[in-house]
Amino acid sequence: MLKQNTIQIDYTTYGNNYQFKLPLNIDYMIPKDAIFVDGTKIESSANRYTFVWKKTINKNMVRVMNDISNFILKCGIDFGIKIIYRNKIKIYHLKKLLKKLKKISKESNITFVHGKGKKKSIVQKSIAKLNNYIDRLKKYTKDLHIMGELNSYSKTDNDATFMRMKKDHMKNGQLKPAYNIQFGVDSEYIVWVSSEHKPTDTTTSIPFLKSIEEHTKFKYPKIVADSGYESEENYTFLECNNQLSFIKPANYEISKTRKYKNDIGRIDNMDYDEKKDYYICKNGKKLFANKIINRKSKTGYKSKITCYTCKECCDCQYKNGCIKGNNSKIPLENRTKNLQVSKLFHEKRKENLKRIISQEGCQLRMNRIIQAEGTFAQVKQNMKFRRFLS
């Protein structure tokens, strides 16, 4: 058994992602029929408490900008200095102001004093405050540049993103600097490996599949993955790319339980009239479509959500079991049943479900557990690779 937990491997960088070049030429040894995709999070070599958050930086940036604008107005009143800027204050505006303040201090023969008990002049205080603003603005600008599209980064490993890990030694959902490593396995061979900065597998599948097709020069007709990869965007991409999805739906296991089947408030347990476009609830009342919401995801994908509402919920005997949400400010007797449905996602999920419960789908799902999970067992357990050390 190997004792080291570092792997030497060549890789190339594409934007914020890393694609690893596998040294083994296995092109002639794999059938290229189906690829089993899965991901795991591996902790970075960075220290755990070196996080920088984009939300915090943006909040601090707004505060410092407000302070700077007030400071510029005060300098205009105290020293008669006017700095012209349009919509946004930039660093060169502040450097220009600093130059003028230093000129005033030189012309007035002001001596700068330091230490306890020494009274500083207004000019010296203004210059010190302005230098502080410039340093802070430079720091925030640098942090945002390092982060790019990411929401966080580590000070000791700028490429790592903070994610929740399965192994949580503090038992409090602590975020750690890590990479989301995506594996593509075929016939027990690792065909492609990618390091992603996004914590969820839903948003990593499309760039991962594109990188496989780009560098291996062939396209897999069948994509097999677990429920973490299910989304409308992924279904649509695979269909447009002439690939069949064998993705386990997120509600597949829970939908087989008695509690799920007896839940009258769920859309899956309601009858649907496709021609007239309305749902029928347990009490025989109709939920009609009243509006369409255009929703845009973080990846830029646009989906249409249809909203259905029932206007006859007033004296319904099934109201307690149908309408959920105990934290609503509206009393239950005044509330109505509402549903939000993505028709395209609903349709794609049904098509995908038919495939995974077929004989071929069952075999592929069983094979995925063996091949994809077996890869993680080899890397994490046998090779003891649980954290990047460099």
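The values are calculated or read from the model by the stated rules, or taken from the named source; none is laboratory data. Just so you know, these numbers come straight off a predicted model, no measurement behind them. Cβ coordinates were reconstructed from backbone atoms using ideal geometry, including for glycine residues, and neighbour counts include every protein chain displayed.
A single entry from TYR252, TYR189 fulfils the requirement of being under 21 Å from GLN378 (Cβ atoms) and out of contact with any strand residue (DSSP E or B) (no Cβ under 9 Å at 6 or more places or on another chain): TYR189.
Does LYS176 meet the test of being part of a loop (DSSP other than H, G, I, E, B), among the basic types (Lys, Arg) and closer than 24 Å to LYS380 by Cα? When the stated conditions are applied, LYS176 does not pass them.
Listed here are the residues, each with its yes/no results for (1) among the aliphatic types (A, V, I, L, M); (2) surrounded by 18 or more Cβ atoms within 10 Å (Cβ to Cβ); (3) within 23 Å of the chain's Cα centre (by Cα).
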| site | (1), (2), (3) |
| --- | --- |
| GLU214 | no, no, no |
| LYS217 | no, no, no |
| ASP226 | no, yes, yes |
| PHE237 | no, yes, yes |
| ASN242 | no, no, no |
| SER245 | no, yes, yes |
| PRO249 | no, no, yes |
| ILE254 | yes, no, no |
| LYS259 | no, no, no |
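Whether a residue is closer than 27 Å to SER245 by Cα and aliphatic (A, V, I, L, M) was assessed, and VAL193 passes this test. When HIS169 is tested against (1) part of a loop (DSSP other than H, G, I, E, B); (2) touching a helix residue (DSSP H, G or I) at 6+ places or on another chain (Cβ under 6 Å), only condition (2) is not met. Residues that are among the polar types (S, T, N, Q) and within 23 Å of the chain's Cα centre (by Cα) were ranked within the stretch 326-349; the one that is surrounded by the most Cβ atoms within 10 Å (Cβ to Cβ) is SER342. Of all positions in the stretch 8-15, none carries a residue that is at pLDDT below 95, part of a helix (DSSP H, G or I) and of a type outside the set (Asp, Glu). Among the residues of the stretch 54-84, just one is part of a loop (DSSP other than H, G, I, E, B), more than 14 Å from VAL123 (Cβ to Cβ) and touching a residue at least 12 places away in the same chain (Cβ under 8 Å), namely ILE83. Would you check if THR299 is modelled with pLDDT of 95 or more and not in a helix (DSSP H, G or I)? So THR299 fails the test. Determine whether the stretch 128-143 contains at least one residue that is outside any helix (DSSP H, G or I) and on the phi < 0 side of the Ramachandran plot. Looking for residues that are outside any helix (DSSP H, G or I) and on the phi < 0 side of the Ramachandran plot, one finds none in the stretch 128-143, hence no. Within the stretch 302-325, the only residue that satisfies the criterion of being assigned to a loop (DSSP other than H, G, I, E, B) and either under 25 Å from the mean Cα position of the chain (by Cα) or among the hydroxyl-bearing types (Ser, Thr, Tyr) (or both) is TYR318.
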